[in-house]
Amino acid sequence: PVQQGRCGVGMQPPLLVVSALRAAVLRCFGPRGGSVFFTRDTGDVLVTRHGQKILRSLQLEHPAARLIVDCVHTHCQIAADGSKSFLLLLSSLLSEMVSCCGASWDSATARRLAQRLLQFCWTGLDDVIARGVTQRASSLAICGYHGDVVEGLVRGYMAGRVGDGPAKVLSPLVCRFYQKWSGGVRGAEPVAVIHTHFSLLHTAVSGLPIGCSGVAEGLVLERDWSAFFEHGPRVEVLVLAASVCPAAEPGRGCVCDRCVAWPQVCVCAQQLGACVLLSAAKQPDWVLQWARRNRVCLAECLDPERLDLLCLLGQSRPTPAGRVATATSVRRLVLGGRRLAAVVPAHAPRAHTLLLCGPGPGPLDQSVSACRGAVAMLHHVFEEDQSQSPAADCWAEALGSGRLLPVGGAFELLLHDFLLSSDWTGDPQVSRLLARAVLSVPGALHSHKPRHFLQLHAHFLRQGSGGPSRPWSGGLESVAAKRQLLSAVLQCAAKLLTVETVLRVHAPLRTSRSDEEED
Amino acid sequence: MALNADDEDFEWEPPSDAEMKVIQARRERQDKISKLMGDYLLKGYKMLGECCEVCQTILLQDKQKKNYCVSCQELDSDVDKDNPALNAQAALSQVRERQLASQPAAGDPPLSITGQPRPEHCEGAASGLRGPLPPQAAVGPAAVAPPAPVPAPQCPAAAPHPALLSAEEAVLHKLRWATQELQQSASVEASVQLCGLIRGCADSLRSLKELQGS
C-alpha cells in the first residue's frame, strides 16, 4: 500500500511522545507538586494541577499523543485519579523496553511483546497482586492502624490530587460529609448514595475563600427563596410540576399546554397545610403576591433533578396539584453575598449538602472535582468485592483483608520485590520490565528526598521478612485502584507497540478520535 | 540480549558495560529532549505528527506556524560539541591535550584524560578551565594557566631573551589594563570583549613561556 508521510516507525517516536507528556505533567505530581497556569488569547486563565486537564489543554497533533490522551481519559473515567501516574508508568515501561532491546527492534518483536504484555495483564496481574501485595498488606494491617480508615483514604487521595495546602481543608470536609450521611454506622451504603447523587448533593459558591466551605443540613436548592417565612418543626412541601394557570381547568382558555390549575393548588395548600411551594418553572407575579400575603414560602426556577431527589428522599406522594413531601425545616443560607434555600426532608434526616467555596472558577472547579473524585474513590474500594457481606465496620474489614495500603509507594515496592523474587514464576522478561518500571512512581514522589525512598524500601523489606511490627498511621490508598492503573498502562503500551504505520490522510477530523493511524 | 529470538526459551543477558554506557548516554539525551519538549508544549507549542529529517525527533510548531526541532536547534549535538571550530571549550581542550602530549611524562601516573582523544562530556575542557592540573603543573613551568590575571611569571633557570621579556611585559601590562576595565565595566558587550582580550593575553603568555622554556 502507498504510504504517505511515514513518520519514524519503531519505538522512538512513541517513547519520545510519552516522555514529553510526562515532562509536561511531572511538575504537578505528588503532594508537593505545583500547578500550571494557562492563559488564552481571550484572556481566560486556568490554574490547574489535574493531569487530565493539562493534557486536554495541550495542542497535540501526533497520533500517538492523541492515543495516549484518550487512554488516560478512559482510565480517569473508571478510576477517579491517576493520570500523572499513568504517564510516569507508561514512559518508564517503554524506556525499559527500549534499553532492553536497543537496535534489535522490528515490528515482529513489538507485536510479540505486546501479546506478552496483554497476556500478563489478563492472567498474571491478579495473581501477582493477590500473592505479592494483598497478603503483605493484610499482615501490615495486623500491626494496627492509628486513626480512622475513611480519613486515611481521603487524606491520601486529596494530598495527591490537590496538594498539601487545599487538602488540609478539603479532607476533613469530605470526612465530615460522609459522617453526617452515615450517622455513625460504618457501612458502604451511604457512600453509594453520595456517589450516585454527588452532582445534586454539592453546591459551589464562587468568590469566597476555600476555608468558608462546609456541610449544610438538608438539600440546598441553589437559588434563593422568592418569599421566605419561618415555619414550624414540620412543614408540608408542595412541589409544583409546572407554571400555575389561573383558569379553572387546564387547557381551556390557556396558552400553555402544561400548567397547573390554581384552584387545585389552593385546595391542596388548605387541606394539607402546605406552606412551602417549590417549582421548577417561573410562576406568575400574582402567585408571589399571594404567597407573601399568606406567609407561604416560594422558590422558583429550581433544578428539576434536585426537586426529584427531594421528593425521593422525602417520600413524596402525588396529588392533583403536584407532589407533596414532608420536611423537618426550611432555611435560608447566607454565604457571603449569596443566599440559598435549603430544605431538610423529614424521612431523610441524614441528608446533607456539601458547600464548596473558592476564590474563582478555576480553584472552585478543582475543589469540586477533587471532592467528587474522593467520593468515587471511596465507592470503588468496595466495587470489586463481590461478596459484600454487611460487616459491622466495612472499612476496618477492607483494611484487614489487605485491600488498603499506605500511600507513598508501598504498592510499587511490594510489587517490585515480589516480581523479582523466586516465588513468582511468570513471564520473566515482562516481570523484570514491570518491576523496574513501577519504581518510577515512588521515585518521583520522593525525588526531593531520595534517602527517604531508600528507607521506605528497607522498611517494607523488613516488614515482609517478619521484622518488628508496630502500629502505623498516615494516608491510605486502594489496591484495586492501583491494579486498575497497571492494567490500563499495560493495555496502552500494547496498543502503542502494535502501531506499525502512520498514514496521513487529508480528510476532516472527527472531533472524538483522529482517523490517522491503523494497526 | 534480544526479544527477537525464540522467546519461549531464551535467556536474558544483562548488557555489557560498554552497552550500558551507550544506553545511559542515550537515555540522558532523550531525557533532555523530552524535558525541553514538555516545556514547549506547556508554552503553547503544537506537537506535530512529523519528524525532523536530520535527527528523527518529533517537530514542534510555534504560534507563528514555524516548525522547530528541539534537538537540532537547541541541544548541542554530540558531534558539534567536540568540534574545535565550533566550540571554544573543545578548542581549549585540544590545546591542553597537545601541551600535555609534548611535555615529558617524568614517570608521573598519566591522567586518564591525556590518552583519550574525545572526552565524553568535555570533562577535559571543563577541568582545563578550572585550574592547573595537580601533578602535571610541577613538570613544566605553568603548564595550564586559567584565563584570569596571571600571577608573576615563574622564571626558569635559563636567561630569557630580551625580546621575549619585553613582549611578556607588554602582554602583562595589557592584561592588567583589561582586568581593571573589566572591573569597572557595566556593559555586557564590553565585558565579553574584555574577557576575550584577557583570554588572548593568557594564550600569548603561555606561548611566550613555551618559547622561553624551549
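If you take the residues in the range A:13-57 that are more than 27 Å from the chain's Cα centre (by Cα) and surrounded by fewer than 17 Cβ atoms within 10 Å (Cβ to Cβ), which one is modelled with the lowest pLDDT?
By that ranking, first place goes to A:Asp41.
Can you tell me which of (1) within 14 Å of chain B (Cβ to nearest Cβ); (2) under 30 Å from A:Val368 (Cα atoms) is the one A:Ala159 doesn't meet?
Of the numbered conditions (1) within 14 Å of chain B (Cβ to nearest Cβ); (2) under 30 Å from A:Val368 (Cα atoms), the odd one out for A:Ala159 is (1).
Looking at the range A:142-173 only, could you name the residues that are over 20 Å from A:Ala79 (Cα atoms) and outside any helix (DSSP H, G or I)?
A:Cys143, A:Gly144, A:Tyr145, A:His146, A:Gly147, A:Asp148
I'm told A:His62 meets every condition in (1) facing chain B (nearest Cβ under 10 Å); (2) open to solvent by 50 Å² or more (accessible area, probe 1.4 Å) except one. Can you identify the failing condition by its number?
(2)
Which of the residues belonging to the range A:36-59 are polar (S, T, N, Q), in contact (Cβ under 8 Å) with a residue 24 or more places away in the chain and within 13 Å of chain B (Cβ to nearest Cβ)?
A:Thr48
Scan the range B:58-79 and tell me whether some residue there is modelled with pLDDT of 85 or more, at the interface with chain A (Cβ under 7 Å from one of its Cβ atoms) and closer than 14 Å to A:Ala20 by Cβ.
We begin by selecting, within the range B:58-79, every residue modelled with pLDDT of 85 or more; these are B:58-72.
The next check asks that each one be at the interface with chain A (Cβ under 7 Å from one of its Cβ atoms); those that pass are B:58.
From the residues that got through so far, the ones that are closer than 14 Å to A:Ala20 by Cβ too are B:58.
Yes: the range B:58-79 contains one or more residues that are modelled with pLDDT of 85 or more, at the interface with chain A (Cβ under 7 Å from one of its Cβ atoms) and closer than 14 Å to A:Ala20 by Cβ.
Mind listing whichever residues of the range A:174-209 are part of a strand (DSSP E or B) and in contact with a Cys (Cβ under 6 Å, 6 or more places away or on another chain)?
Residue satisfying the conditions is A:Val205 alone.
Got a number for residues in the range A:477-487 being open to solvent by 20 Å² or more (accessible area, probe 1.4 Å) and not polar (S, T, N, Q)? Spell out how you get there, then give the answer.
Filtering the range A:477-487 down to residues open to solvent by 20 Å² or more (accessible area, probe 1.4 Å) leaves A:477, A:480-484.
Remaining after also requiring not polar (S, T, N, Q): A:477, A:480-483.
Result for the range A:477-487: 5.
Name the pairs whose Cβ atoms lie under 8 Å apart, with the first residue in the range A:421-447 and more than 14 Å from chain B (Cβ to nearest Cβ), the second among the β-branched types (Val, Ile, Thr), and 6 or more positions between them or separate chains?
Short answer, once both residue conditions are applied: A:Trp424/A:Val128.
Could you list, in sequence order, all residues of the range A:18-35 that are under 19 Å from A:Gly82 (Cβ atoms) and facing chain B (nearest Cβ under 9 Å)?
Answer for the range A:18-35, where residues must be under 19 Å from A:Gly82 (Cβ atoms) and facing chain B (nearest Cβ under 9 Å): A:Val18, A:Ser19, A:Leu21, A:Arg22, A:Ala23, A:Ala24, A:Val25, A:Leu26, A:Arg27.
Looking only at the range A:127-137, decide whether some residue is outside the structural domain of A:Gly408 (by TED's automatic domain parsing), open to solvent by less than 20 Å² (accessible area, probe 1.4 Å) and under 30 Å from A:Gly33 (Cα atoms).
So far as the range A:127-137 goes, no, none of its residues is outside the structural domain of A:Gly408 (by TED's automatic domain parsing), open to solvent by less than 20 Å² (accessible area, probe 1.4 Å) and under 30 Å from A:Gly33 (Cα atoms).
Cβ-Cβ distance below 6 Å, separation of 6 or more or different chains: which pairs start in the range A:79-98 with a residue that is closer than 28 Å to A:Ala370 by Cα and assigned by TED's automatic domain parsing to the domain that holds A:Pro428 and end on one that is open to solvent by 10 Å² or more (accessible area, probe 1.4 Å) and of a type in the set (S, T, N, Q)?
A:Ala79/A:Gln484; A:Ser83/A:Gln52; A:Leu88/A:Ser440; A:Ser91/A:Ser19; A:Ser92/A:Ser440
Over 23 Å from A:Leu58 (Cα atoms), modelled with pLDDT under 55, open to solvent by 60 Å² or more (accessible area, probe 1.4 Å) and of a type outside the set (Lys, Arg): does that describe B:Ala18? Before you say what the answer is, go through the steps one by one.
Details: over 23 Å from A:Leu58 (Cα atoms): yes; modelled with pLDDT under 55: no; open to solvent by 60 Å² or more (accessible area, probe 1.4 Å): yes; of a type outside the set (Lys, Arg): yes.
No, not satisfied.
Within the range B:43-57, take every residue that is modelled with pLDDT of 90 or more and assigned to a loop (DSSP other than H, G, I, E, B) and give me the one that is farthest from the other protein chains (Cβ to nearest Cβ).
Going through the qualifying residues, I end up with B:Lys43.
Being in contact with a Leu (Cβ under 8 Å, 6 or more places away or on another chain) and more than 30 Å from A:Leu208 (Cβ to Cβ) is true for just one of A:Cys268, A:Cys245. Which residue is that?
Sole residue among the options that is in contact with a Leu (Cβ under 8 Å, 6 or more places away or on another chain) and more than 30 Å from A:Leu208 (Cβ to Cβ): A:Cys268.
Search the range A:76-113 for residues being in a helix (DSSP H, G or I) and touching a Cys at 6+ places or on another chain (Cβ under 8 Å), and hand back the single one that is nearest to the other protein chains (Cβ to nearest Cβ).
Step by step, filter the range A:76-113, then rank; the result is A:Thr109.
Yes/no per residue for (1) surrounded by 24 or more Cβ atoms within 10 Å (Cβ to Cβ); (2) within 20 Å of A:Asp427 (Cα to Cα):
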{"position": "A:Val72", "(1), (2)": "yes, no"}
{"position": "A:Cys76", "(1), (2)": "no, no"}
{"position": "A:Ala80", "(1), (2)": "no, no"}
{"position": "A:Lys84", "(1), (2)": "yes, no"}
{"position": "A:Leu87", "(1), (2)": "yes, no"}
{"position": "A:Ser91", "(1), (2)": "yes, no"}
{"position": "A:Val98", "(1), (2)": "no, yes"}
{"position": "A:Asp106", "(1), (2)": "no, no"}
{"position": "A:Ala114", "(1), (2)": "no, yes"}
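Out of all the residues in the range B:28-67, which are more than 27 Å from A:Ser35 (Cα to Cα) and not acidic (Asp, Glu)? Talk me through it step by step, then tell me what you get.
Residues of the range B:28-67 more than 27 Å from A:Ser35 (Cα to Cα): B:49-57, B:65-67.
Result: B:Gly49, B:Cys51, B:Cys52, B:Val54, B:Cys55, B:Gln56, B:Thr57, B:Lys65, B:Lys66, B:Asn67.
The conditions are (1) open to solvent by 10 Å² or more (accessible area, probe 1.4 Å); (2) at pLDDT 90 or above, and A:Cys143 fails exactly one of them. Which is it?
(2)
Pairs under 7 Å by beta carbon, first residue facing chain A (nearest Cβ under 9 Å) in the range B:14-36, partner open to solvent by 40 Å² or more (accessible area, probe 1.4 Å) and of a type outside the set (S, T, N, Q), six or more apart or different chains?
B:Pro15/B:Met1; B:Leu36/B:Glu74
The values are calculated or read from the model by the stated rules, or taken from the named source; none is laboratory data. Everything numeric here is computed off the predicted structure, so don't read it as measured data. No Cβ is skipped: glycine too gets one built from the backbone with ideal geometry, and neighbour counts run over all protein chains shown. SASA here: full protein model, heavy atoms, side chains in, ligands and nucleic acids out. Shrake-Rupley method; radii C 1.70, N 1.55, O 1.52, S 1.80 Å.
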